[in-house]
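Here is the structure we will look at.
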Amino acid sequence: MKLAVFSTQPYDRTYLTQAIEAHNTSNPPTPLEPHFHALPLSPATTHLAAACPAICVFVNDDVSAPILTALHAAGVRLILLRCAGFNNVDIPTATALGVRVARMSAYSPESVAEFALALTLTLNRKTHRAFNRVREGNFALAGLEGFRMYGATVGLLGTGKIGLCAARIFKGFGCRVLGYDLFPTERFTELGGEYASLEEVLRVSDIVSLHCPLIDAGTRHIINAETLAMMKPGAMLVNTSRGGLIDTAAVITALKKKTLGSLAMDVYEMESSLFYVDHSGEILDDDVFGRLMTFPNVLICGHQAFFTKEALQEIADGTCQNFQDWVVGTKSPNVVVEGRAFGS
Ligand code: NAD
């Protein structure tokens, strides 16, 4: 069966090719035939899914209503997400069309939590700036001062799979860990975390790390002018979840007013036109992103928190498993939308 795989980089192809070969050996009646495309799914590339009952997409592929309608008309019945978040898929339209959508609901949450820690330590102790200074023979320390993590208060917005890993890690540093979640769990308190209201978490935390999903009517711009004003003056904000959780204009204002101490972001609201592509020879068109890059206390990465060998392996294997579950009609916790049966 043909599978159109969008937004693929060489590393995706390597891991997916190996996983698909193993899948085809174990499931000879339903072999997968991948067609890899470097281009993202967009109105201009929808035709690449022709004759493919299934497609595979990533975080910034456009799976909006018009595209879903075009895909359905072309015969697509299964959308395999190589990511946990599904904010880029129009779920009501997929449901109405009977197109099954399956995501990677759990793949190496430790990888993302560890990256949140990496950003926190880098931004705090400024090792990225020290690296450049030392290479130029500049051993001055002025401007590199950080704060001790031990005893600091870390606030986690979202205490799901990644938030729990972050809680374990920050507790290991001797931090006080607070959590805000609509659905509190015992596991978080067992790890030594303390639940509090959103306002309380923001008011007392030295570091606020975002680990909730992007939901239009729920968490979009959960960090906005009002909630930024609640934050402890000088606090650090870390976002490894989704760019849309932060109102970027409001965060720039808070940085300019020096009320927000520092910002680390692995994700950005308008990242789809920037990330995963080398734009180094081009003139940047995004003035908001350009402004963010001028702050010495802002650290930006290009949506790489997931990017470990283990996560890539789990994504590739899980994608094949999600495909096979669809073929045999298995119920799976990875299914976001239950589509029509295989072959219909
Ligand atoms: P999860 O579903 O296990 O946990 C999310 C938690 O957020 C849940 O406990 C949920 O109750 C909570 N939540 C939902 N709405 C909330 C709200 N309004 N306020 C507070 N909490 C709320 O998800 P996860 O596996 O921990 O992943 C979290 C997010 O991380 C994903 O949705 C995805 O967007 C992001 N992510 C980013 C990367 C990356 O590479 N940067 C990789 C994987 C996942």
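Cα-based count: Lys pairs in the chain below 19 Å, eight or more positions apart or different chains?
Close lysine pairs found across the chain: 6.
Kindly rank 77-87, 170-180 from highest to lowest mean number of other beta carbons found within 10 Å of each residue.
With the highest mean Cβ count within 10 Å placed first, the list reads 77-87, 170-180.
How many nm is it between the label spots at Ile91 and Leu121, if each spot is 7 Å from the Cα in line with the beta carbon?
Going by the 7 Å Cα→Cβ label model, 3.5 nm.
Give me the 1.4 Å probe accessible area per residue for the chain, excluding ligands and nucleic acids, in Å².
It amounts to 47 Å² per residue over the chain.
At what distance in nm do the modelled label points of Glu194 and Val277 sit from each other, each positioned 7 Å from its Cα along Cα→Cβ?
For the pair Glu194/Val277, the computed spacing is 4.8 nm.
Sort out for me the Cα centre separation of the stretch 11-65 from the stretch 170-196, rounded to whole Å.
Their Cα centres are 38 Å away from one another.
Ignoring ligands, DNA and RNA, what percent of the 1.4 Å accessible area of the chain is carbon and sulfur?
The computed percentage sits at 58.
So how do 221-230, 116-125 stack up, highest first, on mean other-Cβ count within 10 Å?
Put in order of decreasing packing, that is 116-125, 221-230.
How do the peptides 243-252, 92-101 rank, highest first, by the average count of neighbouring beta carbon atoms within 10 Å per residue?
243-252, 92-101
Between Arg133 and Thr330, what is the spin-label point distance in nm, taking each point 7 Å from the Cα along the Cα→C-beta axis?
5.4
Once the Cα gyration tensor of the chain is diagonalised, what are the square roots of 5 times its eigenvalues, in whole Å and ordered largest first, as equivalent ellipsoid semi-axes?
Ellipsoid half-lengths, sorted descending, are 37, 22, 19 Å.
So, with +1 on the Cβ of K and R and -1 on the Cβ of D and E, and no other charges, what is the size of the charge dipole of the chain about its Cα centre, to the nearest 20 debye?
600
About the Cα centre of the stretch 211-317, how large is the charge dipole given +1 on each Lys and Arg Cβ and -1 on each Asp and Glu Cβ? Please answer in debye to the nearest 20.
Using only the charged Cβ atoms, the result is roughly 680 debye.
Can you give the charge dipole size of the stretch 88-158 about its Cα centre, rounded to the nearest 20 debye, using +1 on the beta carbon of Lys and Arg and -1 on the beta carbon of Asp and Glu?
Using only the charged Cβ atoms, the result is roughly 200 debye.
For Glu310, what accessible area in Å² do you get when you roll a 1.4 Å probe over the heavy atoms of the protein chains, rounding to the nearest 10?
For Glu310, solvent-accessible area is about 110 Å².
Please work out how much length the chain gains when fully extended from Arg203 to Gln313, using 0.36 nm per residue of separation minus the C-alpha to C-alpha distance, in nm with one decimal.
Difference between extended and current length: 35.7 nm.
Assuming R0 = 30 Å, what is the FRET efficiency of Met270 and Ala106, from their Cβ-Cβ distance, to the nearest 0.05?
0.60
The values are calculated or read from the model by the stated rules, or taken from the named source; none is laboratory data. Computed from a prediction, not measured in an experiment: that's the story for all the values here. Backbone-built Cβ (ideal geometry, glycine too); neighbour counts: all protein chains shown. The protein model used for the area step is the full one, side chains on, heavy atoms only, and it has no ligands, DNA or RNA in it. Shrake-Rupley method; radii C 1.70, N 1.55, O 1.52, S 1.80 Å.
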